[in-house]
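The values are calculated or read from the model by the stated rules, or taken from the named source; none is laboratory data. Being a predicted model, the structure only gives us computed values, none of them experimental. No Cβ is skipped: glycine too gets one built from the backbone with ideal geometry, and neighbour counts run over all protein chains shown. Protein only, heavy atoms only, side chains kept; ligands, DNA and RNA dropped before computing areas. Shrake-Rupley method; radii C 1.70, N 1.55, O 1.52, S 1.80 Å.
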Amino acid sequence: MLNTLLITGTDTEAGKTVVTAALAAYWQKYYPQRSLGIMKPIQSGVGDRELYQTLFNLEQSPAEITPLYFQAPLAPPIAAAKENRYVDLALVWQTLLALQKQRDFILVESLGGLGSPITDELTVADLAGAWGLQTILVVPVRLGAIAQAVANIALARQTKINLRGIILNCTQPRQEAEIADLTPPGLIQSLTNIPVLGCIPYLENPRDLQKLAEVAANLDWEIYCS
């Protein structure tokens, strides 16, 4: 859907939450007259849902942010089994459809990386492809990032994901020279044929809404995702 953007990553701890929060802060600062929704469709353990409730006035219930919530911080099929439950993707989909009717723009943060399991049969990549959502891939700035980006984009193409771009994210302080050495945008774009929309620097306070909006303003995400 054109009013919905999925934020996924190459792995866990790639920086999906920082990117989602930055785009949300930007949207609420520059488009205050247009409504925003945020979803973390499936969450295992305390974390992102609670952060979004604290940072943003979304006027969404916890169930509207996260339709499926498991206590154990494990892959959903494993966490669900421990609670004698199952991963109800129909509930997630219906919640998203309802939110799409209510909000002008929705940010959906996936769990884990594209290859992370959602059920015993499906990965995040399978779901992203089936739902046809515009998608941004978050790539952390670290050794091995180029290979991870190439592999994840190959998976995205295999599952027919509508991948709009890559955002690099510094999970620790990095100098410009380090970023250029570890995640050279030109090389990544040449290898994947996917645009690099920019890089989010390491943020000492990832809850600073002004700073989050500022770093999002330096990304080219609106060019490719509007």
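Pairing residues of the stretch 121-132 that are closer than 16 Å to Y86 by Cα and at pLDDT below 95 with residues that are open to solvent by 30 Å² or more (accessible area, probe 1.4 Å) and assigned to a helix (DSSP H, G or I), at Cβ distances under 7 Å and at least 6 apart in sequence or on separate chains, gives no pairs at all.
Quick check, is W27 among the aromatic types (F, W, Y), under 20 Å from Y224 (Cβ atoms) and either assigned to a helix (DSSP H, G or I) or under 18 Å from the mean Cα position of the chain (by Cα) (or both)? Criteria met by W27. When the stretch 74-88 is filtered for residues that are farther than 22 Å from L137 by Cα and either surrounded by 20 or more Cβ atoms within 10 Å (Cβ to Cβ) or not small (G, A, S) (or both), the ones remaining, listed by number, are P77, I78, A79, A80, K82, E83, N84, R85, Y86, V87, D88. For beta carbons closer than 6 Å, sequence separation of 6+ or different chains, a first residue in the stretch 97-113 that is in contact (Cβ under 8 Å) with a residue 24 or more places away in the chain and a second that is assigned to a loop (DSSP other than H, G, I, E, B) and of a type in the set (S, T, N, Q), the qualifying pairs are R103/S35; D104/S35; F105/N3; G112/T12; G113/T10. Among the residues of the stretch 187-217, those identified as without any contact (Cβ under 8 Å) to a residue 60 or more places away in the chain and open to solvent by less than 50 Å² (accessible area, probe 1.4 Å) are I188, T192, I194, P195, V196, G198, C199.
Can we say L58 is assigned to a loop (DSSP other than H, G, I, E, B) and touching a residue at least 24 places away in the same chain (Cβ under 8 Å)? Here the answer is no, as L58 does not meet what is asked.
Being open to solvent by less than 30 Å² (accessible area, probe 1.4 Å), under 27 Å from T123 (Cα atoms), in contact with a helix residue (DSSP H, G or I) (Cβ under 8 Å, 6 or more places away or on another chain) and of a type in the set (F, W, Y) holds for only one residue in Y52, Y69, and it is Y52.
L137 satisfies every condition listed in (1) over 16 Å from G113 (Cα atoms); (2) modelled with pLDDT of 95 or more except (1). I'd like the full set of residues that are assigned to a helix (DSSP H, G or I), free of Cβ contacts under 8 Å to residues at least 24 places away in the same chain and open to solvent by 60 Å² or more (accessible area, probe 1.4 Å), limited to the stretch 155-184. Answer for the stretch 155-184, where residues must be assigned to a helix (DSSP H, G or I), free of Cβ contacts under 8 Å to residues at least 24 places away in the same chain and open to solvent by 60 Å² or more (accessible area, probe 1.4 Å): R157, E176, A177, D181.
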